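The values are calculated or read from the model by the stated rules, or taken from the named source; none is laboratory data. None of the values given here were measured: they were computed from a predicted structure. Heads up: the accessible areas ignore ligands, DNA and RNA and are worked out on the full protein's heavy atoms, side chains in. Shrake-Rupley method; radii C 1.70, N 1.55, O 1.52, S 1.80 Å.
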Amino acid sequence: MKEIMTLDKGWILKKIESTDVLAIGQIDDMLTPGANAESQVFEVAKMPRQVQEVLIDYGVIENPNIRGNSEKCLWIDQTDWLYVRHFPYHPDDRKVEIHFKGLDTFVDIYLNGTKIGTHNDVYLPQSIDISGKLLQENQLVLHFRSTDRIISEI
């Protein structure tokens with residue numbers, strides 16, 4: 001029997017130092033709130049939400065689409081961001097896939113500390129077979145890498 005679990009609520013967002021790979025044991029440490037407003041841990045009301053939208057909701061930035069505000073928000077693309085969601089599952093032998101409708105722009109996908117995929121096109125969906133990889137309690141991490149840093153390396 002086909003079952004669909006929607007993971008659109010219960011996410012948190014956190015700014016982290018740019019890195020190419022997340023270390024398995026460091027993900028929880030990275031979620032410690034920082035000292036300034038932009039490095040706090042933000043609860044995301046509902047996904048999908050861009051980093052800028054979440055930061056506007058919390059009053060960290062002003063809307064970058066309003067004249068004069070975009071330059072104040074350039075730092076957002078100069079660092080990495082984590083979206084994290086914990087969710088329960090009852091492991092069994094069924095085939096399980098996770099579907100993303102589009103992830104913008106350079107993102108690594110981790111399940112329970114293991115990298116299970118990458119994505120780099122907001123307009124293309126992606127499905128990943130995660131059969132046999134789910135536990136009773138799971139952590140899904142989307143590591144959005146700095147677009148400025150990646151583009152400068154090309």
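Measuring with a 1.4 Å probe in the full set of protein chains, what accessible area per residue, in whole Å², belongs to the chain?
The answer is 62 Å² per residue.
Expressed as a fraction of 2.2 N^0.38 Å, the rule-of-thumb size for a compact globular protein of N residues, what is the C-alpha radius of gyration of the stretch 37-123?
1.32
I need the phi-derived Karplus couplings for the stretch 124-134: 6.51 cos²θ - 1.76 cosθ + 1.60, θ = phi - 60°, integer Hz, Gly and Pro marked x.
10, x, 9, 10, 10, 6, 10, 4, x, 9, 8
Whenever you get a sec, compute what percent of the accessible area on the stretch 80-154 sits on carbon and sulfur atoms (1.4 Å probe).
Of all accessible area on the stretch 80-154, carbon and sulfur atoms account for 53 percent.
Hey, how many Å between the Cα centroid of the stretch 1-74 and the Cα centroid of the stretch 103-141?
Value for the Cα centre distance between the two parts: 17 Å.
Apply the Karplus parameterisation 6.51 cos²θ - 1.76 cosθ + 1.60, with θ equal to phi minus 60°, to every residue of the stretch 6-22 and state each ³J(HN,Hα) to the nearest whole Hz, in sequence, with x for glycine and proline.
Along the stretch 6-22, the couplings run 9, 10, 8, 10, x, 8, 10, 10, 8, 6, 9, 5, 4, 8, 7, 9, 8 Hz.
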